[in-house]
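Chemist: Here it is, the structure, as structure tokens.
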Amino acid sequence: MKKLELHWQIMIGMIGGIIVGLLFTKVGWGKEFVSDWIYPFGKIFVKLLKLIAIPLIFASLIKGITELKDISKFSKIGLRTIVIYVITTVLAISIGLIAVNTIQPGNGIPKATIEKLTAGKVDNSKIKGKLTEAHSQKESGPLSFIVNMVPENIFSAASNNKRMLEVIFFAIFIGISLLLVKPEQAKPLTDFFSSLNDVVLKMVDLIMLIAPVAVFALLCNVIVTSESGDILFALLRYAGTVVLGLSLMIVFYVIIVKTYTGISPIKFLKEMAPAQLLAFSTSSSAATLPVTMERVEEHLGVEKEVSSFVLPVGATINMDGTSLYQAVAAVFIAQALGYHLDFGDQMTIVLTATLASIGSAAVPGAGMVMLVIVLEAVGMPTEMLAVGLALIFAVDRPLDMCRTVINVTGDATVAMVVAKSIGKLGEPKPKEWDDNL
């Protein structure tokens, strides 16, 4: 009997998690039961993915750079990657602005509904935390993200997935240094990182064996902890506008992949499905990164010297879905609260959201921090900021799940485009967890 493909297994887990979660919302003890006996399996899975994220980035990036044999090739990959990432981010923000200005989901919302949505949340500790974090990030200076890329202690940086840029910087530093020493001196270290990379990729295969169960647990918990249905329904137009924009980004990606690489949209989406479904379940580009790298390398044919740089960098600085969300959320809040935004303000949103996406943590909830920075850039008063965040708080988690899918898909698209442009897009060579059993 043919084994059911992984993305179908994960899809079944997702549907099962939603159904069981809805059933548990009907009983008083359901939320506690899910939290104590089901959700821990999802937490273990996410922790395992985060556990191997830093070793994978470190080993894969160093291996990829040393295999280039030439620093000029690395600089070519780096420049193309950054330029394409900035272009896709600006495009995503523009699509978001066009969608929200066309649909205008914030216009006509009664004040009573706004008061209901924000009741008890303006002083919410989570919202206060986002405001504090955004103020800290904004006041740290225009070049702070460059300063923050350079670690003063690599062991400290490697112990925190939010500091991924620092690990990437150090890995690139080592990789370039290995290219500049004699091959016989570099060989022991390059062999070590090559072996480590293969071992960590095998760990990815093993972790993915529990992915369907983990996704079931994660989605079940999301359902039982979500806001009440009437509040979610009140925000349906806003959520629908965000999802529409995100869907248009998927269309853009598959057109680029088909036009530039010749790979069919169906094949691209099918091979990326496990990574996309995990991104949806975990809301974290960083946690999904090991799976994204495995799918892009083994199932889409991108060679390691490209994927090992493009994907880790993308997980940190390329957030197309999150940037699109910033545009829609900012204008929606302004519409709902009666705060006028002229054309100049909307251009400020494009610039600020692009800059804010660079260096923003690839973890759940980072979009809220970016949103505060964007709203402050257009001059929204502090008291309105708190109300605005409370207004969209109810649907932020499901939208966070959706936009993370776009972030991951965008990273894969850019990796394929860069690989094709330098002749590093070959035939896929999938590996199974028990190849050497």
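Chemist: Considering only residues that are more than 21 Å from the chain's Cα centre (by Cα), of a type outside the set (A, V, I, L, M) and closer than 11 Å to residue 218 by Cα, which ones fall in region 17-54? Before the answer, list the steps.
Modeler: The initial filter retains those residues of region 17-54 that are more than 21 Å from the chain's Cα centre (by Cα), namely 17-41.
Those left that are additionally of a type outside the set (A, V, I, L, M): 17, 21, 24-26, 28-33, 35-37, 39-41.
Passing the criteria: 17, 21, 35, 39, 40, 41.
Chemist: Sticking with this structure for a sec: Test residue 32 against the stated conditions and say whether it is at pLDDT 90 or above, surrounded by fewer than 19 Cβ atoms within 10 Å (Cβ to Cβ) and assigned to a helix (DSSP H, G or I). Give the steps one after another, and end with the answer.
Modeler: On the way: at pLDDT 90 or above: yes; surrounded by fewer than 19 Cβ atoms within 10 Å (Cβ to Cβ): yes; assigned to a helix (DSSP H, G or I): yes.
So residue 32 passes the test.
Chemist: Can you name the residue in region 257-272 that is β-branched (Val, Ile, Thr) and surrounded by fewer than 18 Cβ atoms within 10 Å (Cβ to Cβ) and, of all such residues, is farthest from residue 424 (Cα to Cα)? Can you show your working first?
Modeler: So the first thing to find is which residues in region 257-272 are β-branched (Val, Ile, Thr), and the list is 257, 259, 261, 263, 266.
From the residues that got through so far, the ones that are surrounded by fewer than 18 Cβ atoms within 10 Å (Cβ to Cβ) too are 259, 266.
On the way: 259: 17, 266: 22 Å.
Within region 257-272, the match that is farthest from residue 424 (Cα to Cα) is 266.
Chemist: Can you go through 111, 76 and tell me which one is modelled with pLDDT under 90, more than 27 Å from residue 310 (Cα to Cα) and basic (Lys, Arg)? Write out each step before concluding.
Modeler: Details: 76 fails: more than 27 Å from residue 310 (Cα to Cα).
Selected residue: 111, the only one of 111, 76 that is modelled with pLDDT under 90, more than 27 Å from residue 310 (Cα to Cα) and basic (Lys, Arg).
Chemist: Regarding residue 195, is this residue of a type in the set (Ser, Thr, Tyr), at pLDDT 90 or above and over 28 Å from residue 299 (Cα atoms)? Explain how you work it out, then say what you get.
Modeler: On the way: of a type in the set (Ser, Thr, Tyr): yes; at pLDDT 90 or above: yes; over 28 Å from residue 299 (Cα atoms): no.
Judged against the criteria, residue 195 is not a match.
Chemist: Same structure again: Does any residue in region 235-260 that is farther than 13 Å from residue 100 by Cα come within less than 7 Å, Cβ to Cβ, of a residue that is of a type in the set (Ser, Thr, Tyr) and crowded, with 23+ Cβ neighbours inside 10 Å six or more places away or on a different chain, and which pairs are these?
Modeler: What qualifies is 250/409; 253/409; 253/413; 256/413; 257/413.
Chemist: Okay, next question. What's the number of the only condition in (1) farther than 13 Å from residue 100 by Cα; (2) modelled with pLDDT of 90 or more that residue 333 fails to meet?
Modeler: Of (1) farther than 13 Å from residue 100 by Cα; (2) modelled with pLDDT of 90 or more, only one is false for residue 333: (1).
Chemist: For region 126-167, what are the residues that are loosely packed, with under 12 Cβ neighbours inside 10 Å, among the polar types (S, T, N, Q) and at pLDDT below 80?
Modeler: Passing the criteria: only 136.
Chemist: Hey, any hits in region 413-423 for a residue that's surrounded by fewer than 20 Cβ atoms within 10 Å (Cβ to Cβ) and either farther than 25 Å from residue 250 by Cα or small (Gly, Ala, Ser) (or both)? Write out each step before concluding.
Modeler: Kept after step one, since they are surrounded by fewer than 20 Cβ atoms within 10 Å (Cβ to Cβ), are these residues of region 413-423: 420-423.
Going one step further and asking which of them are either farther than 25 Å from residue 250 by Cα or small (Gly, Ala, Ser) (or both), we end up with 421, 423.
Yes; the residues of region 413-423 include at least one that is surrounded by fewer than 20 Cβ atoms within 10 Å (Cβ to Cβ) and either farther than 25 Å from residue 250 by Cα or small (Gly, Ala, Ser) (or both).
Chemist: Would you be able to tell me the number of residues in region 380-432 that are hydrophobic (A, V, I, L, M, F, W, C) and within 18 Å of residue 308 (Cβ to Cβ)? Give the steps one after another, and end with the answer.
Modeler: Within region 380-432, the subset hydrophobic (A, V, I, L, M, F, W, C) is 380, 384-387, 389-395, 399, 401-402, 405-406, 408, 412, 414-419, 422, 425.
Right, trim to within 18 Å of residue 308 (Cβ to Cβ) and you get 408, 412, 414-419, 422, 425.
Qualifying residue count, region 380-432: 10.
Chemist: Among the residues of region 149-190, count how many are under 16 Å from residue 315 (Cα atoms), in a helix (DSSP H, G or I) and without any contact (Cβ under 8 Å) to a residue 60 or more places away in the chain.
Modeler: Qualifying residue count, region 149-190: 3.
Chemist: Taking the criterion of being outside any helix (DSSP H, G or I), charged (D, E, K, R) and touching a residue at least 12 places away in the same chain (Cβ under 8 Å), would at least one residue in region 292-305 satisfy it? So that I can check it myself, show each step before the final result.
Modeler: Initially, region 292-305 is screened for residues outside any helix (DSSP H, G or I), giving 301-303.
Next, only the ones that are charged (D, E, K, R) stay: 303.
Filter once more, so that each one left must be touching a residue at least 12 places away in the same chain (Cβ under 8 Å): 303.
For region 292-305, residues outside any helix (DSSP H, G or I), charged (D, E, K, R) and touching a residue at least 12 places away in the same chain (Cβ under 8 Å): present.
Residues checked against (1) surrounded by 16 or more Cβ atoms within 10 Å (Cβ to Cβ); (2) closer than 22 Å to residue 294 by Cβ:
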| position | (1), (2) |
| --- | --- |
| 54 | yes, yes |
| 64 | yes, yes |
| 83 | no, no |
| 92 | yes, no |
| 109 | yes, no |
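Chemist: Quick one: residue 53 ticks every box in (1) at pLDDT below 90; (2) touching an Asp or Glu at 6+ places or on another chain (Cβ under 8 Å) except a single one, so which number is it?
Modeler: Status for residue 53: all satisfied but (2).
Chemist: Which helices (runs of 4 or more DSSP H) sit wholly inside region 311-426 and have at least 2 residues that are among the aliphatic types (A, V, I, L, M), in contact (Cβ under 8 Å) with a residue 24 or more places away in the chain and out of contact with any Gly (no Cβ under 9 Å at 6 or more places or on another chain)?
Modeler: On the way: elements: 320-337, 343-357, 366-377, 382-421.
Where helices (runs of 4 or more DSSP H) fall fully within region 311-426 and carry at least 2 residues being among the aliphatic types (A, V, I, L, M), in contact (Cβ under 8 Å) with a residue 24 or more places away in the chain and out of contact with any Gly (no Cβ under 9 Å at 6 or more places or on another chain), they are 343-357, 366-377, 382-421.
The values are calculated or read from the model by the stated rules, or taken from the named source; none is laboratory data. Keep in mind the model is a prediction, meaning the values are calculated, not measured. With ideal geometry, Cβ positions are generated from the backbone for all residues, glycine too; neighbour counts draw on all protein chains shown.
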